[in-house]
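The values are calculated or read from the model by the stated rules, or taken from the named source; none is laboratory data. Note that the structure is predicted; figures quoted are calculated from it, not measured. Here Cβ is always computed from backbone atoms with ideal geometry, including for glycine, and neighbour counts include all displayed protein chains. For accessibility, only protein heavy atoms count, side chains too; no ligands or nucleic acids. Shrake-Rupley method; radii C 1.70, N 1.55, O 1.52, S 1.80 Å.
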Amino acid sequence: DLSLSRRLERTEARASAAFVEARAQLSPESRAAWTDVEGAYAMFDGVGSPLTQSFGLGLFAPVHDAQLDALEAFFRERGAEVFHEVSPLADSALLDRLSGRGYRPVELTSVLFRPTAGGVPSPPGGGVRVRRAGPDQADLWARVAAEGWSSESAELSDFMLELGQVSAASRDTHCFLAELDGRPVAAGTLSLGEGVALLAGASTVPAGRRKGAQLALLEARLRFAAERGYDLAMMGAQPGSASQRNAERQGFRIAYTRIKWHLRGPGE
């Protein structure tokens, strides 16, 4: 319902804002910044960054042209394209308004949630141990997280290394490492907000796969959130993907499917 969607979207928005703040501190030349425009959080993490977009448009107040003008100006003043992640529970007039201004849908995301209580089945074998990575281990955590993407491409691994270093420095974001025989093999993050724990950053190094590391990471992060009074966990996945199916096997269910909208430029 609307109340749940507000909690989930605000949690992700606040986690993204914390990331942008960390980026601004680590790389002032990036001009990273965010702003709240009548409940919609707009993020600028650099031109072309997947985090350069807004969250919560139409969820906290009816959308009007002046609000959209302000959001579009925020991105354009920084040389960025305009993207909005929109919940299907947002202001019902929003779809027509966006279409009329030249927006088009470009991406779908399944937003999934589950109670933090109850945990998950223990991973097989029992050789995996999970611990939080402290601030002095931010580089180690980022390297492990990036190595988990190394089988995709070196370029993606380099991108994820940079992303991981910023994530590790973000406010209210907790980094976890899964170790097998004392060697880090998997990484994941947990960001806290609105009574909801956002799970992200999950990856496993090629040599550590199929040994229960991600299941152990999930269990540890759910327990960590529950012990601190956060009753829900959430994550996002591409509709119908292996990530979505794996999440559903661990007790997550789809709250809704979110649409990302892109403002077409002249001549598009």
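Observations on the model:
- Nitroxide proxy distance, nm - points 7 Å out along Cα→Cβ at residue 210 and residue 136: 3.8 nm
- Read-out Rg/Rh (Cα atoms, Kirkwood Rh), derived from the coordinates shown; its label in (i) 0.97; (ii) 1.01; (iii) 0.92: (i)
- Springs between Cα atoms under 10 Å define the GNM used for the chain, and in it the highest mean-square fluctuation of 44, 55, 74 occurs at 74.
- Of 131, 14, 183, the one that fluctuates the most in a GNM where the chain has Cα springs shorter than 10 Å: 183
- Report summary: the helix-based calculation at 222 nm, which adds -39500 (n - 2.57) for every DSSP H run with n ≥ 4 and divides by the residues of the chain, gives -11000 deg cm²/dmol.
- Alpha-carbon Debye profile of the range 5-146, log10 I(q)/I(0) at 0.09, 0.19, 0.21 Å⁻¹: -0.38, -1.17, -1.33
- Contour excess over end-to-end distance, with Cα ends at residue 162 and residue 38 and 0.36 nm allotted per residue: 41.5 nm
- Accessible carbon and sulfur surface of the range 65-151 relative to its total accessible area, %, 1.4 Å: 51 percent
- Helix axis angle, 138-147 relative to the chain longest principal axis, alpha carbon, degrees: 90 degrees
- The chain: relative contact order in percent, alpha carbon pairs under 8 Å with at least 6 residues between: 25 percent
- The residues 85, 227, sorted by heavy-atom accessible surface at 1.4 Å with ligands and nucleic acids left out, run 227, 85 from largest to smallest.
- Length added when fully stretched, residue 243-residue 64, from 0.36 nm per residue minus Cα-Cα: 60.9 nm
- Dipole moment magnitude, nearest 20 debye, the chain about Cα centre, only Lys, Arg, Asp, Glu C-beta charged: 920 debye
- On Cα atoms only, tilt of 154-168 relative to the major axis of the chain in degrees: 90 degrees
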